[in-house]
1. Out of everything in segment 332-361 that is more than 16 Å from the chain's Cα centre (by Cα) and assigned to a strand (DSSP E or B), what residue ends up being nearest to ARG384 (Cα to Cα)?
2. Cβ-Cβ below 8 Å, separation at least six or inter-chain, first residue in segment 351-371 and farther than 22 Å from TYR107 by Cα, second outside any loop (DSSP other than H, G, I, E, B): which pairs?
3. Does segment 341-357 contain at least one residue that is assigned by TED's automatic domain parsing to the domain that holds VAL125, surrounded by fewer than 21 Cβ atoms within 10 Å (Cβ to Cβ), within 23 Å of ASN95 (Cβ to Cβ) and out of contact with any Phe, Trp or Tyr (no Cβ under 7 Å at 6 or more places or on another chain)?
4. Would you confirm whether any residue within segment 287-304 is within 15 Å of the chain's Cα centre (by Cα) and within 24 Å of ILE138 (Cβ to Cβ)?
5. Need at least 3 residues that are assigned by TED's automatic domain parsing to the domain that holds TYR123 and over 20 Å from LYS119 (Cβ atoms) per element, so show me which helices (runs of 4 or more DSSP H) inside segment 173-287 make the cut, counting only ones lying wholly within it.
6. Pick out the one residue from GLY232, GLY261, GLY218, GLY240 that is in contact (Cβ under 8 Å) with a residue 24 or more places away in the chain and either farther than 26 Å from ALA195 by Cα or touching a Gly at 6+ places or on another chain (Cβ under 9 Å) (or both).
7. Here is a list of conditions, (1) within 23 Å of PRO49 (Cβ to Cβ); (2) modelled with pLDDT under 95; (3) among the polar types (S, T, N, Q), and SER115 meets all of them except one; can you say which number that is?
8. Confirm whether ALA96 is assigned to a strand (DSSP E or B), assigned by TED's automatic domain parsing to the domain that holds GLY256 and of a type in the set (Gly, Ala, Ser).
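The values are calculated or read from the model by the stated rules, or taken from the named source; none is laboratory data. The structure presented is a predicted model; accordingly, all values stated were derived computationally and were not measured. We place every Cβ from the backbone using ideal geometry, glycine too, and count neighbours over all the protein chains shown.
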Amino acid sequence: MRFIFKFIRNTVITLAVIYGLLFALTTYAHYPEPISAIRLGLAPASKTPFLMPAHEFAASAKPITLPTGVEVLPKVNYQGNQIAFDDFLSLTKTNAFLVIRNGMLTYQWYNKGFSESSKLPSYSVAKTMTSLMIGKLIAEGKISEQNYFVDFFPELKNGTDFDKVKIKDLLDMQGGVLVSDNYPTGPSGWGVAIAQMYATTDTMWFMKNNRKMAEAPGTKAEYRSVDTQMLGMIIRKVTGKKVADYFSETIWQKVGAKYSGTWNVDRIGGQEKTFCCFNATAIDYAKVGLMLLNNGYVGSERIVSANWMNRLSTPVVKLDRDWGYSAQIWHPYPNIMMMMGLHGQYVYIDPTTRTVIVKSSDVPTGKEDEAAVASVLDQISKLRS
């Protein structure tokens with residue numbers, strides 16, 4: 001009995017020491033405490049909104065209900081094979097799939113455990129939400145695309161090309177800051193900069209320690225989430241408001257969102273992680289898509305300026321898969337706008353066929369096939385063209 005007691009005591013002491021060391025390490029690196037960090041690293045995409053602190057924003061005071069119809073989706077060509085649509089949903093780990101045609105919700109499907117009211121992560125779909133706020137501030141004359149990032153954060157000047165990064169560069173993924181999007185696939189990857197930015201409890205601390213440049217700003221287009229995070233920092237600094245509150249005021253309330261949403265932050269009262277971490281229901285993602293489909297209007301009210309709609313809809317650079325990109329939105333095909341996020345999140349907007357498609361998924365890191373999925377979304381969009 002004495003041996004068992006001694007073994008348990010020593011085990012408890014050892015675990016406490018290990019936890020203490022890990023706690024010290026995560027505190028130094030401005031990570032969540034060890035257990036929270038491990039849970040975040042192991043969770044599927046759909047669970048992450050609830051594992052980080054967040055600022056919540058309310059449903060619209062005037063929610064819009066879309067008329068509904070019935071549509072049966074046929075077989076689709078996915079990765080070179082003709083398969084049933086239900087099989088496509090399963091193969092791509094789909095949690096929610098919506099089709100809106102001419103303002104009518106014609107198809108709505110939710111995986112087991114999910115419903116219309118489920119908050120779903122956006123990952124990089126959040127980048128377009130961030131762009132909408134930047135466009136609003138530009139339209140109001142509060143900022144300019146020619147402003148330098150350090151105009152708003154002079155304390156971050158370091159006498160390098162970092163000081164020359166403009167809002168325009170950040171919008172089109174030409175910032176040049178050396179924080180690559182090489183997402184980790186296991187615990188060993190949590191030391192890379194993109195993981196640090198994702199998990200950080202202090203965004204300003206992160207930026208102070210990540211100002212090295214890969215190239216001069218405006219000289220090369222490379223998809224880097226840090227560009228969007230820097231835009232989010234500007235939004236908070238210029239408005240003096242939580243980014244979630246400013247988004248609610250300028251976009252969420254206007255589009256008639258039926259449900260509340262959340263935006264994960266480094267800490268409560270702190271900075272939203274604007275490169276990711278926006279969470280909402282599928283139907284409300286669709287309403288933002290509908291606003292863009294309708295050239296920035298909701299009803300008779302213009303929400304997004306004509307100049308910013310032109311900025312969003314006109315490709316500026318080529319990025320991965322040789323797709324066009326501009327102002328934080330993708331252009332996989334001519335005349336198409338597409339919000340896209342890690343783990344299979346999509347808002348597909350086709351003005352020609354008057355179609356918006358929303359897909360939320362739980363695809364593991366590195367298993368995404370964005371080109372194949374976009375092809376299916378294109379097929380569905382054109383079914384009635």
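1. Looking at the filtered set, the residue picked out is THR355.
2. Final answer for the pair search is ALA371/ARG321.
3. Scanning segment 341-357, I find no residue that is assigned by TED's automatic domain parsing to the domain that holds VAL125, surrounded by fewer than 21 Cβ atoms within 10 Å (Cβ to Cβ), within 23 Å of ASN95 (Cβ to Cβ) and out of contact with any Phe, Trp or Tyr (no Cβ under 7 Å at 6 or more places or on another chain), so the answer is no.
4. So far as segment 287-304 goes, yes, one or more of its residues are within 15 Å of the chain's Cα centre (by Cα) and within 24 Å of ILE138 (Cβ to Cβ).
5. Output list reads 193-199, 203-208, 225-239.
6. Result: GLY218 is the single residue among GLY232, GLY261, GLY218, GLY240 that is in contact (Cβ under 8 Å) with a residue 24 or more places away in the chain and either farther than 26 Å from ALA195 by Cα or touching a Gly at 6+ places or on another chain (Cβ under 9 Å) (or both).
7. Exception for SER115: condition (2).
8. Considered against the rule, which asks whether it is assigned to a strand (DSSP E or B), assigned by TED's automatic domain parsing to the domain that holds GLY256 and of a type in the set (Gly, Ala, Ser), ALA96 comes out as yes.
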